[in-house]
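Inspection log for the structure reproduced underneath, given as C-alpha cells.
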Ligand SMILES: [Zn+2]
C-alpha cells in the first residue's frame, strides 16, 4: 500500500508551505482501491505523520476528482470520480487508467 508515502508527501508539503491541515482539503484522483478504505488508511497515516494536528484529521475534507477510465470489453473511454464505475455503454465494471492514487492539496481559503 502506498498510503504511507502519500501521507508523508502531504505532511512534507504542508510543513514546507507553513500550512496546517485545517487550512486545506485533499483531492484524490485515480487509484484502484476501494475509496472508503483508501481514505481510512490515508487518515490513519496522516495522524501518524502529523500527531500535533490530529484533531484536524477527522474533519479533513477528502474529495474525489474524475479520472480517465477505459472499458476492457468495448473500449469506451470516459471520466469518472468512482473507482470502478460501470461502463456507460455495456455496463461492465471498468478500471481507472491511473493505477495509484494521486493527491492534490487545495487551499480552503487565502492565507494572509
Ligand atoms: Zn463497455
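Nothing in this text is a laboratory measurement; each read-out follows from the coordinates by a stated rule. No experiment lies behind these values; they were computed from the predicted model shown. Reconstructed Cβ throughout: ideal geometry from the backbone, glycine too, with neighbour counts over all protein chains shown.
Could you compute the FRET efficiency for residue 105 and residue 77, with r as their C-beta to C-beta distance and R0 at 30 Å, rounded to 0.05?
Details: r = 28 Å, r/R0 = 0.93.
The formula returns an efficiency of 0.60 here.
From the helices alone, meaning DSSP H stretches of at least four residues, give me the mean residue ellipticity at 222 nm for the chain, per-run term -39500 (n - 2.57), in deg cm²/dmol to the nearest 500. Could you put the intermediate results ahead of the total?
Details: 3 runs with 36 residues, N = 112.
About -10000 deg cm²/dmol.
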Please work out how much length the chain gains when fully extended from residue 97 to residue 17, using 0.36 nm per residue of separation minus the C-alpha to C-alpha distance, in nm with one decimal. 25.7 nm
Cα-based helix-to-principal-axis angle, 3-17 vs the chain, degrees rounded to 10: 50 degrees
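Over all pairs of distinct alpha carbons, what does the Kirkwood formula give as the hydrodynamic radius of the stretch 3-107, in Å?
One over the average 1/r among Cα pairs gives 14.6 Å for the stretch 3-107.
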Indicate, rounded to the nearest 5 percent, the antiparallel portion of the DSSP beta bridges found entirely in the stretch 1-85. 50 percent
So what's the angle, to the nearest 10 degrees on a 0 to 90 scale, between helix 35-49 and the longest Cα principal axis of the chain? 20 degrees
